[in-house]
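The values are calculated or read from the model by the stated rules, or taken from the named source; none is laboratory data. Not measured: the values here are computed from a predicted model. Every residue, glycine among them, receives a Cβ derived from its backbone with ideal geometry; neighbour counts consider all protein chains shown. Each accessible area value is taken on the protein alone, full model and side chains, heavy atoms only, with ligands, DNA and RNA left out. Shrake-Rupley method; radii C 1.70, N 1.55, O 1.52, S 1.80 Å.
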Amino acid sequence: MTNPMTRRQFARHTGWFGAAVVLSVAGGEVVSHIADTRDSITAAATADTNTLRFVQVSDSHIGFTGPANTDVTASFTQAVDQVNSLGFRPDFVLHTGDLTHLSAPGQFDQVKQMMSGLRTDRVFTVPGEHDSVDDHGRAYRRAFAQATGGDGWYSFDTHGVHFIALVNTLSLEKLGHLGTEQIDFVRRDVAGLSSDTPIVVFSHIPLFAMYPQWGWSTDDALQVLNLLKRFSSVTALNGHVHQLFSRVEGNVTFHSATTTAYPLPGPGRAPAPTPQVLPARQLHTALGIRTVTYRQGTTALAITDQELA
């Protein structure tokens, strides 16, 4: 992978961590600016019916216990309440994995019940590695993915956008892994699409080499990205890293989401990616949700990241 964000751009972006940051694609690059949250919500709320609006949440880790967050249920409840208070009804909500911490049936039941309180018509999920502890994701699929193919991958279309849900957490050595069967699914899935169809791919582990030393990459992602090269606009959303990060590579814009549970250190800033303890009053600034807006006839997805209120 080449052409990452410049050091200056990255410093500016991380300096806005926890603020509402709007990112859009212009000339093949991510353009970022600090947004007034109320203005962005008002704009989304008054959008016409051709506008797609959805929310991404990630890494709720229901069942986690530890000093980094002594009540992940409360913080995820807060995230649900914040989604319900956006001022508009999202078309759907994406959860990009690690719904639970130990993939116990009771944890899946709890997070499923909590997400049933979201004021939206649909909820889409992909599993994290914590959702497949010791069972290759079987409990996750029983709870959330009975109508999907293979190990839980699928696709859908709405508002002129094609969405692809990928599973890269079930065959972990160190890096994420997709596997031949899933890559073949993507090949067949996009074969009949026009090259001007906007594509959104979402997975748990990043599809770019964010920090392979910590497993923050997917070893065979390039095979999928090559299948998407002919499309003019591709957006890849992921969780796993518990922090905001953006990168442009060719026709693909990558956006890592923050968490509703606990922060992790920045790449290489600690011996390992272990939960970070922050002063209690600062924890909410490291947690948050993401709203995404797309208007048909454009090539840009506008992304707003908001810390928990």
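Some points to look at:
- Residue under evaluation V80, criteria (1) modelled with pLDDT under 95; (2) open to solvent by 10 Å² or more (accessible area, probe 1.4 Å); (3) within 19 Å of F144 (Cβ to Cβ), criterion not met: (1)
- From D98, D121, residue being among the charged types (D, E, K, R), closer than 23 Å to V201 by Cα and touching a helix residue (DSSP H, G or I) at 6+ places or on another chain (Cβ under 6 Å): D98
- Test: S75 is outside any loop (DSSP other than H, G, I, E, B), touching a helix residue (DSSP H, G or I) at 6+ places or on another chain (Cβ under 7 Å) and either modelled with pLDDT under 95 or hydroxyl-bearing (S, T, Y) (or both): no
- So V186, is it in contact (Cβ under 8 Å) with a residue 12 or more places away in the chain and closer than 27 Å to N50 by Cα: yes
- Scope the stretch 236-252; condition open to solvent by 10 Å² or more (accessible area, probe 1.4 Å) and not aliphatic (A, V, I, L, M); matching residues: H240, Q243, F245, R247, E249, G250, N251
- Within this structure, P198 passes the test of being closer than 21 Å to G160 by Cα and either open to solvent by less than 20 Å² (accessible area, probe 1.4 Å) or modelled with pLDDT under 95 (or both).
- Residues that are open to solvent by less than 20 Å² (accessible area, probe 1.4 Å), out of contact with any strand residue (DSSP E or B) (no Cβ under 8 Å at 6 or more places or on another chain) and either free of Cβ contacts under 8 Å to residues at least 12 places away in the same chain or not small (G, A, S) (or both) occur in the stretch 117-132; there is at least one.
- No other residue among A309, A302, A280 is of a type outside the set (S, T, N, Q), more than 28 Å from F163 (Cβ to Cβ), open to solvent by 10 Å² or more (accessible area, probe 1.4 Å) and out of contact with any Lys or Arg (no Cβ under 8 Å at 6 or more places or on another chain) apart from A280.
- Pairs linking a residue in the stretch 154-177 that is in contact (Cβ under 8 Å) with a residue 60 or more places away in the chain to a residue that is acidic (D, E), with Cβ atoms under 6 Å and 6 or more positions apart or on different chains, are T169/E129.
- The one condition from (1) part of a loop (DSSP other than H, G, I, E, B); (2) under 18 Å from the mean Cα position of the chain (by Cα); (3) of a type in the set (A, V, I, L, M, F, W, C) that L86 does not meet is (2).
- Candidates P265, P273 - the one that is more than 15 Å from the chain's Cα centre (by Cα), at pLDDT 95 or above and within 19 Å of H177 (Cβ to Cβ): P273
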